[in-house]
Each structure stands twice: as structure tokens, then as C-alpha cells.
Amino acid sequence: ASVPKTAIKEEVTGLTRSNILVGLIMAVLGAILSLAISRSIKRPIEELRQGTERFALGELNYKLPVVRRDAIGSLAQAMNEMAVQLDDRIRTVIRQRNEQEAILASMVEGVIAVDSHEQIINMNLAAAQLFQVKPEESKGRSVHEVARNSELHRLVRQSLSSASPVEG
């Protein structure tokens, strides 16, 4: 049982070519499969990113599509719920602010709200007229800058240092 060396070499060369061809086919199929999988992951993540950008722009009524039942779908659902809750909270804060401004505007008494550093947070129209300033220009400024009134300065210091209500 002898076989010429050239026949064995041809057989090995044929097998090598077959192995290389099968390897290339498997590599191409693997690349195509990897591309398909990466796109199926990337697409929902891109939709989440676009949705968060819309939320950041204030479009809180936008709904992210929830088409998957995996972690990405759960994240989209949670983000939709977060947007609804955030929208409710923003509406509540705006409503409360509008109510507060309406109350302050309708008062005949002068009201000045200050922070712990004696900076004006809010001033109603009656107080602005009393000190001859514009309410919107006084926000963020020191009481000392806005009103040159030593009684007011004393009252502000006293109210900030006291735990009980102070009138004056």
C-alpha cells in the first residue's frame, strides 16, 4: 500500500483549501451575525437616547416605545413613568408659584421674602411701591441695596435671628 507523495500533497492542499474556505465562510457569517446583533442592541439604545434628549428639552409627554421585554424595555418603561411623574411635579410647582404670586400681588401690605444672607427672594408690588423699586429688579439683590431704611434692616436681622414671628 503505497501512494505517491504528490498525491498525498495534493490531498493535503485540497483539505487546506477547504478548511480555509470554510473558515472564511464562518468568519463572514460571524461578522454578519455580529452586525445584526449589534444593530438590534444599538437601535433601542439610540431610541432611549433620543427620548432622553426630548425629555431634557421639556417634552415630558413624549413616550418611549416599549417593544421589548428585556432590560432595555424595562428601562424605557421606567423612563416613561419618570417623565410622567416629573411633569406632574413641575405642574404642581408652577401652580403653587402662581398661587403664591397671586396672593402676594393682591396684598396691600408690603411683603419682602429674604434668604439667610439677606438677599431678596421675592417682593410684592406694595413693598416695591413703598421703597420705590421694581420687584423684578430687586430679586437676588441685598436688602441693603434695595431699601435704604435702617428700620427695615433691623427688622430683617431680627427676623433671621429669631425663631418666633417678628412684626414691624
TODO: May I have the pair-distance distribution P(r) for the range 16-78, computed from all Cα-Cα distances with 5 Å bins from 0 and rounded to whole percent?
DONE: 4, 16, 17, 15, 10, 9, 7, 7, 6, 4, 3, 1, 0
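Charges only on Cβ, +1 for Lys and Arg, -1 for Asp and Glu: so what's the dipole of the chain about the Cα centre, in debye to the nearest 20? Don't skip to the answer; put the middle values down first.
Details: 21 positive and 20 negative charges, 201 e Å.
Charge dipole, the chain, about its Cα centre: 960 debye, nearest 20.
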Task: Cleavage-rule hits (GluC sites (Glu not before Pro)) in the range 88-140: DSSP loop, at most 16 neighbouring Cβ within 10 angstrom - done: GLU109, GLU118
- [ ] Run the quick spin-label model on ALA113 and ARG54: label points 7 Å from Cα toward the beta carbon, then report their separation in nm to one decimal.
- [x] 3.4
Open item on the list: Using the basic label-point model (7 angstrom from Cα toward the beta carbon), what is the MET82 to LEU21 distance in nanometres?
Closed with: 5.4
- [ ] Report the percentage of all Cα-Cα pairs in the chain whose separation exceeds 29 Å, rounded to a whole percent.
- [x] 61
Task: Kirkwood Rh, Cα atoms: Rg over Rh of the range 101-168 - done: 0.93
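Can you work out the accessible area per residue across the chain, with the rest of the protein chains kept in place, probe 1.4 Å, in square angstrom?
Normalised by residue count, the accessible surface of the chain is 76 Å².
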- [ ] Set the Förster distance to 30 Å, then compute FRET efficiency between GLU167 and THR92 from the Cβ-Cβ distance, nearest 0.05.
- [x] 0.45
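The values are calculated or read from the model by the stated rules, or taken from the named source; none is laboratory data. Note that the structure is predicted; figures quoted are calculated from it, not measured. In this analysis, Cβ positions are derived from the backbone assuming ideal geometry, glycine residues included, and neighbour counts consider all displayed protein chains. Ligands, DNA and RNA are stripped out before the accessible areas are found, and what is left, the full protein with its side chains, is counted by its heavy atoms. Shrake-Rupley method; radii C 1.70, N 1.55, O 1.52, S 1.80 Å.
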